[in-house]
1. Roughly how many percent of the accessible protein surface of the chain is carbon and sulfur, given a 1.4 Å probe and a whole-percent answer?
2. How many times 2.2 N^0.38 Å is the alpha carbon radius of gyration of segment 1-153?
3. What Rg and what Dmax come out for segment 152-280 when only alpha-carbon atoms are used, in angstroms?
4. Show the residues, 5+ positions off or on another chain, whose built amide H is closer than 5 Å to the amide H of residue 285.
5. Taking the solvent-accessible surface of protein heavy atoms with a 1.4 Å probe, what is the per residue accessible area of segment 197-239 in Å²?
6. What is the sum of charges, Lys and Arg at +1 and Asp and Glu at -1, for the other residues whose Cβ falls under 11 Å from the Cβ of residue 285?
7. Given 0.36 nm per residue, what is the gain on full extension from residue 180 to residue 251 after removing their alpha carbon distance, in nm?
8. Evaluated at 25 °C with a viscosity of 0.890 mPa s, what Stokes-Einstein diffusion coefficient in µm²/s does segment 1-82 have when Rh comes from the Kirkwood expression over alpha-carbon pairs?
Amino acid sequence: MNNFLNINEITPKNLSAILEDASKIKEATLKDAIYNERYSRCLNNTITGLLFEKLSTRTRLSFEAAVLKLGGQVSNLRKDEIHLGQGETLQDTSVMFSLFLDVLVLRVYEEEKLYEFARHSKIPIINGLTNESHPCQVLTDIFTFQEIRGSITGKKVVWLGVANNVFQSLLHAAASLNFCIVFSGPTKFEPSQKMLEFTQKYRSDILTIEKNPVVAVENADLIVTDKWVSMHDNNLRKSELNDLEKYRVTRELLSVANKEVLFMHCLPADKGQEVSLDIFEDKRCVAIQEAENRMHVQKSILRWCLGLF
Ligand code: CP
Ligand code: NVA
């Protein structure tokens, strides 16, 4: 049994195995007969629990679709319909879930809560996003880049705006898969102490900070951004919004990067804030492919967690 909690806790070999499995699954999906023969029953007799304390469109639905297409069943657990936190401890809830489910996808606020859940669980736990991380998203982003452009190793990835939870998972991936990240954003939204300590401890060469967004994106192979305000964040003050303006991803900014540059956004987006209104019509933007790939990659995350390869 394997937990999928954070990318830095999974060996590069296992990350590559998950990515490779996802490629095979996606390819088989396009050729129906192969898919049916190899994969459509691999989660038979399993139940995947989905417990989300925050909103979700893509993660919940793509996990649900992944499980159903692999022949498993899902149980959608609503936080206002279970006792967790209102008369039952997290430890007891985790033990109960282990009696009836085979794997659990958890989206919570505090990262500590995810780990506490995993500590008491006898079934694999998958991190569906916390305030600090979003590993399923980032593994899909790597998959999507590699599907279009080949290996991400040695590539230059530029993150614009706010160093948030998705950014931290990207940093974890850079350390394992050997690519470089340039962060460009206002001082207030720069990588946290924890993120800097992670890079100093493991790979001080993977992260640089460049204040000027135009300089940052020169020769970029991949440009990524996310909402300036995440679900757990307070609204921005006017001065903070003003500081962020110049880090908005526009078609002009993409044109400073490598000719072959791709642009990713995990979605949902605040069009007109972190991205220009027309960015999603640009050929370099692969946000829809990125969203679609969530299902393929998560099929493999589920299979890996359940020890199916
Ligand atoms: N990208 C992503 O995780 O989207 P949701 O919040 O809709 O799940
Ligand atoms: N950083 C965003 C990601 C949403 C998928 C958030 O946490 O709200």
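1. The computed percentage sits at 49.
2. 1.08
3. 13.8, 40
4. Under 5 Å from the amide H of residue 285: 263.
5. 59
6. Net local charge, residue 285 excluded: -1.
7. Separation in residues times 0.36 nm, less the Cα-Cα distance, equals 23.3 nm.
8. Result for D is 169 µm²/s.
The values are calculated or read from the model by the stated rules, or taken from the named source; none is laboratory data. Note that the structure is predicted; figures quoted are calculated from it, not measured. Glycine gets a Cβ as well: all are built from the backbone with ideal geometry, and neighbour counts include every protein chain shown. Each accessible area value is taken on the protein alone, full model and side chains, heavy atoms only, with ligands, DNA and RNA left out. Shrake-Rupley method; radii C 1.70, N 1.55, O 1.52, S 1.80 Å.
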